[in-house]
Amino acid sequence: MGRIFSGVQPTGNLHLGNYLGAIRNWARLQKDYDCLYCVVDLHAITVPQDPKELTANTREVTAGLIAAGIDPKDNIIFNQSQVSGHAELAWIFNCVARLGWLNRMTQFKEKAGKHRENATVGLYAYPNLMAADILLYKATHVPVGDDQKQHLELSRDIAQAFNSMFDVELFPQPEPIILETAARVMSLRDGSKKMSKSDPSDYSRINMADSADDIAQKIRKARTDPEPLPADPSGLETRPEAANLIGIYAALSDQSVDAVCAEFADASFSDFKGRLTDLAVANLGPIGDEMKRLVGDPAEIDAVLRDGAERARALAEPILREARNAMGFVQV
Ligand code: AMP
Ligand code: TRP
């Protein structure tokens, strides 16, 4: 069996993009792989975080993973800061990766914006920590949304550079698993922007913990255009909002965009939105309820994280020893 590693930041507001682009796939992959799913709190602090919110968000995201059907007994669910090997291997990779490689990372440019001088060193080195996450367990497969493809490429480069610098075959080349349907869910307010936790408008996203009423209202207010729905996907090329809603419907119902277009050919948006609401509520309702129950029981969540961290440490330790050995560290 291959080994999967993936991570999600504890930055609040888990949304439909996280669900369709990541978490739902994680739950589906558990039957074919050994999986480690990590709440990446060390990545979160690359931008300022309020400590109380970080605590609450870490538990909420953990609740989301469990509520989405990831079994914490069969898989490992943990938070990154509790396994110190992540930080250690990230430092080692800081001394393997080159400035030139990191300078090409588009996410840093986006997140640092105009005030690059003010960005933390951690934000810049973020991809090295991500490589450490994956390689600390010699993970073979990494399910991610397509925004993380470039970081995964860098992880492969780092694995290869380490192996060749120290003449070992220590780290494998991790393969991405990118699902084409709904790899990118867009904002409900602007079809050219990704649905995101950090969008100031809550109407831009459907949160995994939203009530049925919230979901209905957000879909009703979602931006569309005046035309009816097209009969095939070629009619969506210049209609980003329509393409997004149809893409969401296709993903939630596990159908192709072709099939959804055929089903709703020439329908009005108001009819389509009613059907989309029913579908979204049927999918997300039970997950939201379970998330709320778990968030009300932090001891249960912390027990999952504690058990996960222990099992993750046990997997990481021998691999770290191999890495330290390869570099010539005296291990006492
Ligand atoms: P983040 O919210 O940035 O921590 O991302 C967690 C996971 O969700 C990653 O695998 C992302 O690629 C995925 N993801 C985040 N936003 C979206 C989106 N709008 N559409 C699809 N996948 C997303
Ligand atoms: N950077 C990823 C994101 O923002 C989260 C992440 C951290 C991750 N470490 C990872 C994803 C390792 C896959 C593998 O979405």
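Here the sum of -39500 (n - 2.57) over DSSP H runs of 4 or more residues, divided by the residues of the chain, equals -16000 deg cm²/dmol at 222 nm, to the nearest 500. Per residue, the average separation of C-alpha pairs within less than 8 Å and at least 6 apart gives the stretch 202-293 a relative contact order of 40 percent. With protein chains left intact and a 1.4 Å probe, residues in the chain average 47 Å² of accessible area per residue. DSSP finds beta bridges in the chain, and of those with both partners inside it, around 10 percent are antiparallel. The modelled label-to-label distance between A282 and K31, using points 7 Å beyond Cα along the C-beta direction, is 2.0 nm. Distance between the pseudo-spin-label points of N94 and A212 (7 Å out from Cα toward the beta carbon): 5.1 nm.
Per residue, the convex hull around the alpha carbon atoms of the stretch 202-293 comes to 82 Å³.
Between E317, E263, E237, the residue with the greatest mean-square fluctuation in the GNM of the chain (Cα pairs under 10 Å linked by springs) is E237.
Springs join every pair of Cα atoms under 10 Å in this Gaussian network model of the chain, and among F166, F78, F269 the largest mean-square fluctuation is at F166. Have a look at E117, E88, E241 and tell me which one the Gaussian network model of the chain (Cα, springs below 10 Å) gives the largest fluctuation. Comparing E117, E88, E241 in the GNM, the peak value goes to E117. The fraction of accessible area contributed by carbon and sulfur in the stretch 1-128 is 52 percent, rounded to a whole number (1.4 Å probe; ligands and nucleic acids excluded). From most to least packed by mean Cβ count within 10 Å, the peptides 276-288, 102-114 give 276-288, 102-114. Would you mind telling me the share, in percent, of accessible area of the stretch 248-332 contributed by carbon and sulfur at probe 1.4 angstrom? Carbon and sulfur together cover 54 percent of it. Directionally averaged projected area (the chain, Cα convex hull): 17.9 nm². The distance between label points at S84 and V330 comes to 2.0 nm (points 7 Å beyond Cα on the Cα→Cβ vector). Helices in the chain that qualify as membrane-span-like (whole DSSP H runs, Cα extent of at least 20 Å along the helix axis, mean Kyte-Doolittle hydropathy of 0.0 or higher) are 121-135, 269-295.
For the chain, the relative contact order is 23 percent, taking Cα pairs closer than 8 Å that sit 6 or more residues apart in sequence and dividing their mean separation by the residue count. Working from Cα pairs under 8 Å separated by at least six residues, relative contact order for the stretch 89-235 is 18 percent. Along the axis of the charge dipole computed for the stretch 202-293 (Cβ charges of +1 for Lys and Arg, -1 for Asp and Glu, origin at the Cα centre), the listed residues A243, L229, N207 are led at the positive end by N207.
Phi-derived couplings, Karplus 6.51 cos²θ - 1.76 cosθ + 1.60 at θ = phi - 60°, listed residue by residue for the stretch 26-42: 4, 5, 6, 6, 5, 7, 9, 9, 7, 10, 10, 10, 10, 8, 8, 5, 5 Hz, with x used for Gly and Pro.
The values are calculated or read from the model by the stated rules, or taken from the named source; none is laboratory data. The model shown is predicted, which means the values in this text are computed figures rather than measured ones. No Cβ is skipped: glycine too gets one built from the backbone with ideal geometry, and neighbour counts run over all protein chains shown. All accessible areas refer to the heavy atoms of the entire protein, side chains included, with ligands and DNA or RNA removed. Shrake-Rupley method; radii C 1.70, N 1.55, O 1.52, S 1.80 Å.
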